[in-house]
Each structure stands twice: as C-alpha cells, then as structure tokens.
Amino acid sequence: MLHVQASLRALGPVPGGATTVVEALLEALRDEEGEGTLVAYTATPENSATSRIHRAETAGLSPERRAEHLDRMLPFDPASTPCSPTMGTLSETIRTHRRARRSDHPQTSWAAVGKHARAITAHHPLTSHLGPDSPLGRLYDLDAQVLMIGVPMARFTGFHLADLRMPDVPQREYRCVGPDGWTTFKAPDLDDLHFADLGARVLAASTTLTTRRIGTAHCRLISLREAVDLAEHVLRRSRS
C-alpha cells in the first residue's frame, strides 16, 4: 500500500505524463492477488473561507467583493471537484482514475485506487481532517509506505498525525462549502510550518528510509508508521 506525494516537474519528461506514472505505480504494487492500493491526498482548501489559500486570495477585497467571491464558490462534490493545484498533477490523476474512490471531507479528502480503496476512504468525519479517524489514520493502521517523488519532507502530510497526538493542540473554527452548502465547525488547528525541521530529524533517525533517483527527481520511500512515531517522539522531547 502506497501513499504518493509527487512533483512531476521534478521527475522530468515522462511519455504519457501522469497517467503513465500512475499505471506504473499500480503495476509495481501488485501483490500475490494481483492488486495493491495507491493513495493520494486530494485536498480542496480553496473551498474554505478559513484556509490560508482563501485568505491570500481575498486579502484586500472590500466586503462587497468578498461576498461576491463567497457566492461564486461551488459546493464540494467528491465525484467532480478537482483537488487543489497545490496537490500536484499526480494526485488529480489518481482522483480521476476510473477505479478511484474518494473520501467526502470538503477540505481534506483522499483518493485511493485498488484493494483497500473503499476501506480507506469510506469514513471521514468533518472534525477529523487529518487525524486518526481520517483516511490518513487508516493508512497508518494499515502500515502504508509513503513515496516522496521530488517533494521535500517539509510537505510530508503524515506529520499531521504526530501533531494531533500532542496534548495541547488548539481548536479553531473552520468554515467551508460542503455538499449541502456552507457549514461551520470546530476541529484541531492544522499547521505545517515546522515540518521542515521535523522532517530532517525523522530522516536522520529512520531505519526504513530508502532513497533513489527516478528520472531527475530525488525520491524517498519511508514507512508512514515509523515516520509518524518518530515525529511524535521528536515533538514530545521538544515539549519536555
């Protein structure tokens, strides 16, 4: 089982582009039963009125123009809403795969193709963006591997699980436009600004890390469970 985070630009030219990469990964993941599972994060922060991206897009707008912007925002639809461009072309290609399933969180959805796709994406509570009850939590439970293709550890999504194990995680209000319209809820505050330092410490301590160059991309393969557990250890030591 593989969660992939990728920069196709870093990978270099590939005949057939992202589709070729997705099919190659699915072929490599085949087990004795003939099928593995490929997973991607397909978040949509643009549909949130409280996300960093939304705040940047609406900075400086008058109240009237901001209201117009909010009126134009379409409700999230797991079947048709594209993932954020910040997720990369490979995530969008996995989302649109003919066999893909996608979780229904309007801000932090995940898409999966293969044997465990339904189990990973079927349940995604609104208040568990990237917590233990989310698809990311199920990837941890299933001992998934993470392949970073030309993507730095500063963007390692799994570190959110370690953050949410801390006893002092603040709650904040979120507002987004879901399938049934605008909704407001409270959930743990998600912050990734410290992931670069956390990633360096995890890489230094990892026993499962494999590095290779694929095309022009520097790639890392690491156990999600090990990375999260090491990150939790680092965070707890920094608080002691």
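The values are calculated or read from the model by the stated rules, or taken from the named source; none is laboratory data. The model shown is predicted, which means the values in this text are computed figures rather than measured ones. Don't worry about glycine lacking a Cβ; one is built from the backbone with ideal geometry, like all the others, and counts go over all protein chains shown. Keep in mind that these areas ignore ligands, DNA and RNA; they rest on the heavy atoms of the full protein, side chains included. Shrake-Rupley method; radii C 1.70, N 1.55, O 1.52, S 1.80 Å.
Residue farthest toward the positive end of the dipole of the chain, with Cβ of Lys/Arg at +1 and Asp/Glu at -1: which of 156, 70, 37?
156
Got a number for carbon plus sulfur as a percent of the chain's accessible area, 1.4 Å probe?
52
Between residue 189 and residue 238, take the C-beta separation as r, use R0 = 25 Å, and let me know the FRET efficiency to the nearest 0.05.
Efficiency at R0 = 25 Å is approximately 0.90.
Please report the net charge: other residues with Cβ closer than 14 Å to the Cβ of residue 153, K and R +1, D and E -1.
Computed value for this residue: 0.
Go ahead and estimate [θ] at 222 nm for the chain from helices alone: -39,500 (n - 2.57) per DSSP H run with n ≥ 4, summed, over the residue count, rounded to 500.
Mean residue ellipticity at 222 nm (helix-derived): -9500 deg cm²/dmol.
Apply the Karplus parameterisation 6.51 cos²θ - 1.76 cosθ + 1.60, with θ equal to phi minus 60°, to every residue of region 15-25 and state each ³J(HN,Hα) to the nearest whole Hz, in sequence, with x for glycine and proline.
Along region 15-25, the couplings run x, x, x, 4, 4, 4, 5, 4, 5, 5, 5 Hz.
Is the shape of region 78-233 best called rounded, prolate or oblate, per the rule: a/c under 1.5 gives rounded, else a/b larger than b/c gives prolate, else oblate, with a ≥ b ≥ c the square roots of the Cα gyration tensor eigenvalues?
Cα axes put region 78-233 in the oblate bin.
Using 0.36 nm per residue of separation minus the Cα-Cα distance, give me the extension gain between residue 86 and residue 206 in nm, one decimal.
Length gained, residue 86 through residue 206: 40.5 nm.
What net charge is computed for the residues neighbouring residue 232, neighbours being all others with C-beta under 10 Å from the C-beta of residue 232, Lys and Arg scored +1, Asp and Glu -1?
The answer is +1.
Report the local net charge at residue 214: Lys and Arg +1, Asp and Glu -1, summed over other residues whose C-beta lies under 14 Å from its C-beta.
+4
Using a 1.4 Å probe and counting only protein heavy atoms, arrange 80, 48 so the residue with the most accessible area comes first.
80, 48
Regarding region 1-110, what are the three Cα extents along the principal axes, ordered largest first, in Å?
58, 30, 18
Could you tell me the accessible area of residue 157 in Å² (1.4 Å probe, neighbours in place), rounded to the nearest ten?
Rounded to the nearest 10, the figure is 10 Å².
What is the gain in length, in nm to one decimal, between residue 59 and residue 122 on full extension, counting 0.36 nm per residue of separation less the C-alpha to C-alpha distance?
Using 0.36 nm per residue and subtracting the Cα-Cα distance, I get 19.1 nm.
Would you kindly find the accessible area of residue 160, with a 1.4 Å probe and non-protein molecules such as ligands, DNA and RNA excluded, rounding to the nearest 10 Å²?
Around 20 Å² of this residue is reachable by solvent.
Per residue, how many Å² of accessible area does region 131-240 show with a 1.4 Å probe?
50
Give the calculated FRET efficiency between residue 169 and residue 7 to the nearest 0.05, with a Förster radius of 25 Å applied to their Cβ-Cβ distance.
0.30
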